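Comments concern the structure below.
What follows is calculated from the coordinates using simple rules that are stated; it is not laboratory data. From a predicted model like this one, the values you see are computed outputs, not experimental measurements. Note: ideal-geometry Cβ built from the backbone for every residue, glycine included; neighbour counts use all protein chains shown.
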Amino acid sequence: MCSAMTEAAHAPRASPAVVERRRQRLLAALAIPALALLAVLFAYPVLRLIALSVEGGSLTWYAKALGESLYLEVFWITIRIAVIVTAMTLVLSYPVAYFLATTSRLGAALGFALVILPLWTSILVRTYAWMVLLGRNGIVNKSLIAVGAIDEPLALLHNELGVIIGMVHVLMPYMVLPIYAAMRRVDPDLLQAAEGLGAGTFRIFRRVFLPLSAQGIYAGCILVFVLSVGFFITPALLGGGRVIMIAVLIEQQVRDVLNWPFASALATVLLVATIAIYGIAQRATGERTGAAT
Amino acid sequence: MSTRAPPSLRTRARLRRVALGLVCAPIFAFLVLPLVVVFPLSLSSAPYLQFPPPGLSWRWYQSYFGDPVWIDATVRSLVIGATTTLASLAVGMPLAFSLVRGRYWGRTLLDRLAVSPMIVPSIIISVAIYGLFAKLKLIGAWYGIALAHTILALPFVIIILGASLRGLDESLEQAALGLGASRWQAIRRVTLPEIRPSIVTAAVLAFITSFDELVVAMFLAGSQMTLPKKMFDNIRMEIDPTIAAVSVLQILIITIALLIAQRFGRGATAMAVE
């Protein structure tokens with residue numbers, strides 16, 4: 001496009017093409033400070049980290065990460081937790097999104113506040129609160145004992161269950177919002193048409209509404225899954241050192257063991273997995289995030 | 001939908017609404033429960049976690065305000081947050097302009113690069129920058145953390161400003177130019193006022209991103225505590241209700257930031273949906 005305009009620049013006077021080219025050069029220059037910052041503080045450090053994992057030209061550290069059962073177990077736990085968290089988040093979020101999309105304006109405003117408030121509350125505050133709630137002598141156990149539902153406190157903390165509860169709580173807004181957005185795009189006329197054609201409530205939901213909101217479900221699941229896989233704070237605190245997810249392992253390798261090459265290999269595997277999931281998801285939906293698109 | 005429906009259908013619709021409400025009520029409770037719990041805890045008189053609190057006292061707030069380590073950490077986080085906000089707007093606004101209006105080669109790639117810190121797990125960014133900063137002897141420097149936070153805040157700034165700029169009618173600017181304004185005047189007098197609500201929203205988001213950030217700070221802070229790092233250490237080491245008082249104060253600070261966004265920006269809901 002730019003070159004096509006350059007052809008026209010042979011015209012006399014300060015032609016629009018020249019002005020446009022000058023403008024484009026200026027616009028490109030505006031990106032330079034951000035580009036420099038991203039290059040120095042993001043691209044370079046990440047590439048440096050990746051390079052560290054293959055230092056000496058060998059794949060020893062990848063063999064260790066993906067070969068030893070101890071570390072394979074970490075990958076397995078990470079994926080398992082991410083899958084469970086994604087599924088549970090979806091189950092809890094779908095009715096909430098449906099409620100928000102179909103209720104009165106006041107109800108929707110209130111509901112939104114309840115969904116968004118946690119999103120903007122420090123993840124540390126929320127994780128701390130879950131420790132208070134789920135501990136051996138925590139509020140949940142005490143209440144259950146008080147009403148006679150259980151005799152012995154349940155183990156809700158420092159295990160996978162605690163981590164999953166905490167993560168579902170943190171990630172729910174990321175599922176509710178895309179599903180809600182998709183539901184709002186469903187044309188009410190279509191539902192009315194289905195009703196007019198004699199379809200029952202359940203049938204309308206299953207054959208019309210659900211497929212039309214599928215895009216939001218898909219986007220929410222990808223987002224929640226990818227965020228789950230790289231999660232650090234919640235497993236580190238609610239897991240009590242017993243639930244080692246990949247991000248926790250990377251932190252240990254860097255800070256406690258000081259094994260940089262191994263940590264780099266683990267980080268590279270995590271990075272490649274994350275990008276791959278996003279790449280596949282984007283190819284499937286054709287959706288992109290960014291300023292220009 | 002129900003206005004023209006026969007009464008039996010209307011009753012069924014109402015029943016469905018009630019059923020949906022019954023399903024959603026416990027889920028909403030699950031969402032707010034952890035936020036509600038910290039308030040009574042922060043006012044507890046017991047030196048350990050006990051619920052319900054045996055008595056009320058301000059001692060955990062006093063313990064927060066009386067401890068220079070907590071106050072230092074809070075001030076440092078506020079300074080880092082403010083710096084991050086300014087820095088991410090300073091580089092993010094020109095970048096958003098450039099990405100939306102520009103038609104140069106590599107623009108899409110740059111766009112992807114700039115939003116990718118949102119997608120790349122923070123542990124990777126943290127470890128990567130930690131490696132670099134350790135070499136540059138920047139561990140423990142507050143501005144080092146602010147620079148790293150700027151990378152994390154940049155995606156929010158360019159997505160919000162990008163959306164706003166794309167929705168802008170460029171002919172207004174053209175008209176200003178046609179009336180003899182310089183390009184800079186046109187941007188300052190026409191474009192900037194138009195996108196100001198989005199700038200406020202982006203600023204608030206950038207601030208929260210930094211003020212709340214733990215993982216990067218954990219690696220880069222060294223012995224210099226930020227508020228989230230101090231909270232993390234406190235939660236890990238000892239469960240002391242001071243953290244509940246801090247939690248309440250943090251909820252208040254974030255709420256104020258969001259109210260600012262609601263009043264002068266495009267609103268918390270719009271922010272979240274984006």
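Of note:
- DSSP H segments from chain A that extend 24 Å or more along their own axis, Cα-based, with Kyte-Doolittle mean of 1.0 or above: A:69-102, A:160-184, A:210-229, A:260-285
- Here the stretch A:69-285 is treated as an ellipsoid with the same Cα gyration tensor; its semi-axes, largest first and in whole Å, are 35, 25, 14.
- The fewest-to-most ranking of B:108, B:74 by surrounding Cβ atoms within 10 Å reads B:108, B:74.
- Alpha-carbon centroid distance for the pair the stretch B:248-264 / the stretch B:144-207, whole angstrom: 22 Å
- For the segment A:194-204, counting C-beta atoms of other chains within 10 Å of every residue's C-beta and taking the mean gives 1.
- Scanning residues 5 or more positions from residue B:44 or on other chains, those with amide H under 5 Å from its amide H are B:57, with H placed 1.01 Å from N in the peptide plane.
- In summary, the lysines within cross-link reach of residue B:137, defined as a Cα separation below 26 angstrom excluding same-chain residues under 8 places away, comprise B:229, B:230.
- Here the Kirkwood formula, the inverse mean of 1/r across different C-alpha pairs, assigns the stretch B:44-85 a hydrodynamic radius of 12.1 Å.
- Shape category assigned to chain B from the gyration tensor of Cα positions, a/c cut at 1.5: oblate
- Adding -39500 (n - 2.57) for every DSSP H run of four residues or longer, then dividing by how many residues the protein assembly as shown holds, sets the calculated 222 nm ellipticity at -24000 deg cm²/dmol.
- Relative contact order [Cα under 8 Å, 6+ residues apart], chain A, whole percent: 24 percent
- Hydrophobic, long helices, defined as DSSP H runs whose alpha-carbon span along the helix axis is 24 Å or greater and whose mean Kyte-Doolittle value is at least -1.0, occur in chain B at B:7-42, B:68-101, B:142-166, B:192-211, B:242-264.
- Length-normalised contact order for the stretch B:77-273 - Cα pairs under 8 Å, 6+ apart - percent: 31 percent
- Considered as an equivalent ellipsoid built on the Cα gyration tensor, the stretch B:83-180 has semi-axes of 33, 15, 11 Å, the largest given first.
- Semi-axis lengths, largest first, of the ellipsoid equivalent to the protein assembly as shown are 39, 34, 25 Å, with √(5λ) applied to each eigenvalue of the Cα gyration tensor.
- Global geometry of the stretch A:73-126, whether rounded, prolate or oblate, following the gyration tensor of its Cα atoms and the 1.5 cut on a/c: oblate
- Ranked list, fewest to most other Cβ atoms within 10 Å of each Cβ, for A:99, A:209: A:209, A:99
- Peptide B:29-41 has a mean of 6 when you count, residue by residue, the C-beta atoms of other protein chains within 10 Å of its C-beta.
- Prolate/oblate/rounded label for the stretch B:101-144 (Cα gyration tensor, a/c 1.5): prolate
- Quotient of Cα Rg and 2.2 N^0.38 Å for the stretch B:119-268, N being how many residues it contains: 1.34
- Inter-chain neighbour count for B:222-234: the average number of beta-carbon atoms from partner chains within 10 Å of each residue's beta-carbon is 2.
- The ranking of B:201, B:150, A:285, A:103 by Cβ neighbour count inside 10 Å, starting from the fewest, reads A:285, A:103, B:201, B:150.
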